[in-house]
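Taken together, the values in this text are just the output of simple stated rules run on the coordinates, not laboratory data. Small disclaimer: the values here were computed from a predicted structure and weren't measured. Heads up, the Cβs are rebuilt from the backbone with ideal geometry, glycines too, and the neighbour counts pull from every protein chain shown.
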């Protein structure tokens with residue numbers, strides 16, 4: 001789920017040529033791009049190898065009609081087949097042209113969004129060979145280096161005097177893997193695997209997914225209750241029947257996506273263009289971060305709008 005243009009330089013909107021366009025999920029993805037204001041978009045018309053040339057052209061016209069009047073109206077449409085390796089060079093060229101690598105501030109404090117976490121040790125291995133826990137995700141700013149002292153927030157959940165408390169985790173970077181290569185330092189762009197001195201029990205089964213990593217004492221605040229300015233869409237676009245979106249209500253449960261974190265919250269106060277939400281699981285995020293807001297429609301959570309933290 002998209003959570004903020006500050007975390008993304010651009011986007012690929014992948015549309016299968018073998019299906020009628022638009023599918024409900026395609027509508028939802030394009031609406032999410034519009035909500036967070038991502039304008040650098042490349043449209044990938046995939047699976048052209050499983051249909052005829054005429055069907056591919058008909059689907060191409062469906063895509064053109066779908067994006068007309070949207071944020072993606074002028075985006076290039078690249079027909080590809082990953083199985084047959086058709087037009088992959090043209091896709092890379094389009095990505096280079098539409099989404100050039102932005103300038104980065106090398107002096108910024110590193111901030112990494114954790115999407116995965118692992119225990120890489122095999123069952124029954126000798127205790128002398130045990131390796132520390134590994135976290136994976138995207139570095140969105142700064143430079144992360146081997147031997148850096150790091151902190152992970154919100155951290156570990158603990159019960160203190162009948163109250164749940166989240167304690168930040170501190171450790172040291174032991175290795176960095178970027179694009180299947182071991183490196184001594186990493187910069188933003190792509191995915192990283194970061195080895196640490198953590199007990200592997202803390203990182204197994206994606207236990208740290210959704211948390212934030214950075215230098216000790218330099219991370220954004222942890223929020224248990226948030227206030228945000230909200231922009232709602234007119235209709236639920238992920239459902240087959242597009243329902244009109246009602247205003248947020250007091251005590252209503254919502255699913256919120258902030259960075260890589262996904263949490264559930266309950267609306268405690270509503271105003272004209274903003275809400276206060278009590279979170280079931282706290283998040284670490286900067287003021288101004290964008291929040292994707294989903295509401296339960298039928299048996300599924302559906303994207304209904306976007307919020308800006310702290311406004």
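Observations on the structure shown:
- Cα gyration tensor shape for the chain, rounded if a/c is under 1.5, else prolate or oblate: oblate
- For region 111-215, the relative contact order works out to 41 percent when only alpha carbon pairs closer than 8 Å and six or more residues apart are counted.
- Mean Cα-pair separation over length for the chain, i.e. relative contact order, pairs under 8 Å, 6 or more apart, %: 17
- Taking 268, 203, 171, 187 and counting other C-beta atoms within 10 Å, the order from fewest to most: 268, 187, 171, 203
- At full extension, residue 107 and residue 83 could sit 4.5 nm farther apart than now, given 0.36 nm per residue minus the alpha carbon distance.
- Here the Gaussian network model covers the chain, with springs between Cα atoms less than 10 Å apart; of 246, 286, 103, 103 fluctuates the most.
- Between 131, 149, 271, the Gaussian network model of the chain with springs among Cα atoms under 10 angstrom shows the greatest mean-square fluctuation at 271.
- Alpha-carbon centroids, region 38-66 and region 243-271: separation in whole Å: 34
- Hypothetical label at residue 286: residues of region 292-311 whose amide nitrogen lies under 13 Å (7 Å Cα-Cβ projection): 309
- Mean Cα-pair separation over length for region 149-275, i.e. relative contact order, pairs under 8 Å, 6 or more apart, %: 20
- Listed residues 244, 38, 293, most fluctuating in the chain (Gaussian network, C-alpha, under 10 Å): 244
- Extension gain for residue 172 to residue 92 (0.36 nm times residue separation, less C-alpha to C-alpha distance): 25.2 nm.
- Kirkwood analysis of the Cα pair distances in region 111-215 returns a hydrodynamic radius of 14.1 Å.
- Rounded if a/c under 1.5, otherwise prolate or oblate - region 5-98, Cα gyration tensor axes: oblate
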